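K.L.:
Got a structure here, written out as structure tokens. Questions coming.
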Amino acid sequence: MDQTVSIEKPPARLGSRIHGGLLALVLLLVFNALVTPNFLQLQTLFVNISQVATIAIVAMGMTLVIATGGIDLSVGAVMALAGALAPLIFLSEFGVAYPALGVAVAFILPLIVAGFCGLFNGAMVAVLGIQPIIATLILFISGRGIAQVLTNGNLQTFSNPAFSYLGTGKILGLPFQGWLALAIACVLFLTITRTTWGRYLLAVGGNERAAFLSGGPVRRVKIGAYVICAVLSGLAGLIVVAINSASDAARNGNLMELDAIAAAVVGGALLQGGRAPIFGAILGAIIIQLVKYTLLANGVEDEVALIAKALIIVAAVWIQQRRKA
């Protein structure tokens, strides 16, 4: 278990990686402040916080999965599925007849469904021994298809202030989802650093066989990581729907798996497992969003932004391999 202890208290190399992320963030902020029009306006800040929050929430879940040595390609599909379910519930006859109850169910039921999606992924990986990239590819393909079948491929628009507060509400002048992401980060950080489950999570990723031989619940830990990741993805899907007052199963969460993996890796997560830098995932999400915003705000096409995010992942993995060597 000595390896687990070293994971809990990362060496200076992790600190330098975080410092590198902070340097990148400062450079992006300075560049945008000097070059990008309207960057320093409050409206721009609110838009970026809204976008960062959804990426960060999914990235934190992805960080837990990566900490076990796995990967989850289905996060975008789970977002689409949860986002499609919510309007179907509160716009149904039941939701119209019982508005308050309908909204409550529209919050809870999609997250339960998302949890079952995570349970499926976790069981495929931990019980059946299927490679994570293959196991989660199943929902990556089918999840969005199920969401589109549920909605008949139609855009679902609605006007529901109670539900929309999740995406448009403000606390102390800042978007509600930003506070929500911060609260989730604090809970996950304490879970990882102060609970037995968190220690086992890092131990499984650091050395799965050693964790198993020491009596660790390896299967339960892996399944738990995938369930948490899926639930957080479902929550992010609800936030996107609430922001837009519309559910589009074809677009909700599209390519979010790329953003989440990039944010987790840039934030210091190791693809071979063993580390779960939760606040690093938030830092990575901010960087990914700022890169995308910087390119788009300065007239660069969205396709180039996708290439830039892919290059960020490649660079982060290359740096990890160099430091490992």
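K.L.:
What do you get for Rg/Rh over region 254-325 if you use C-alpha atoms and the Kirkwood form of Rh?
P.N.:
Details: Rg = 12.5 Å, Rh = 12.5 Å.
Computed over Cα atoms, the ratio is 1.00.
K.L.:
Right, another one. Using a 10 Å cut-off around each Cβ, can you sort Leu88, Leu34, Leu188 from fewest to most neighbouring Cβ atoms?
P.N.:
Numbers: Leu88 16, Leu34 8, Leu188 21.
Ranked by crowding around the Cβ, least crowded first: Leu34, Leu88, Leu188.
K.L.:
Taking square-rooted eigenvalues a ≥ b ≥ c of the alpha carbon gyration tensor, is region 122-277 rounded, prolate or oblate, where a/c under 1.5 means rounded and, failing that, a/b exceeding b/c means prolate?
P.N.:
Cα axes put region 122-277 in the oblate bin.
K.L.:
To the nearest 0.05, what FRET efficiency results for Val127 and Thr196 with a Förster distance of 22 Å applied to their C-beta separation? Can you show the working numbers first?
P.N.:
Values: r = 21 Å, r/R0 = 0.97.
Efficiency computed from Cβ-Cβ geometry: 0.55.
K.L.:
Give me Met79, Met256 ranked fewest to most by other Cβ atoms within 10 Å of their Cβ, as a rough exposure proxy. Intermediate values should be presented prior to the final figure.
P.N.:
Numbers: Met79 35, Met256 24.
In order of increasing Cβ crowding within 10 Å: Met256, Met79.
K.L.:
Choose one of Leu137, Ile286, Gly215: the residue whose Cα lies farthest towards the positive end of the charge dipole of the chain (beta-carbon charges +1 Lys, Arg; -1 Asp, Glu; about the Cα centre).
P.N.:
Gly215
K.L.:
Specify which residue in the list Asn160, Val231, Phe107 is farthest towards the positive end of the charge dipole of the chain, using unit charges on the beta carbon of Lys, Arg (+1) and Asp, Glu (-1), about the Cα centre.
P.N.:
Result: Val231.
K.L.:
I've got another one for you. Pull out a ≥ b ≥ c, the square roots of the eigenvalues of the alpha-carbon gyration tensor of region 53-132, then state rounded if a/c is under 1.5, prolate if not and a/b is larger than b/c, and oblate in the remaining case.
P.N.:
The shape class here is prolate.
K.L.:
Now for a separate question. Counting other C-beta atoms within 10 Å, which of Asp72, Asp302, Asp259, Asp248 has the fewest, and how do the rest follow?
P.N.:
With the sparsest Cβ surroundings first, the list reads Asp302, Asp248, Asp259, Asp72.
K.L.:
From the Cα gyration tensor of region 212-295, with a ≥ b ≥ c the square roots of its eigenvalues, which class applies: rounded if a/c is under 1.5, or else prolate if a/b is larger than b/c, or else oblate?
P.N.:
Values: a/c = 3.03, a/b = 1.50, b/c = 2.02.
Oblate, because a/c is 1.5 or more while a/b does not exceed b/c.
K.L.:
Which of (i) 6, 27, 34, 23, 9, 1, 0; (ii) 6, 27, 37, 24, 5, 0; (iii) 5, 22, 24, 20, 17, 9, 2, 0 is the computed P(r) over Cα pairs in 10 Å bins from 0, in percent for the structure on display?
P.N.:
Derived directly from the coordinates: (i).
No lab work stands behind these numbers, since they all come straight from the coordinates. Model, not experiment: these values are computed from the prediction. Cβ: placed from backbone, ideal geometry, glycine included. Neighbour counts: every protein chain shown.
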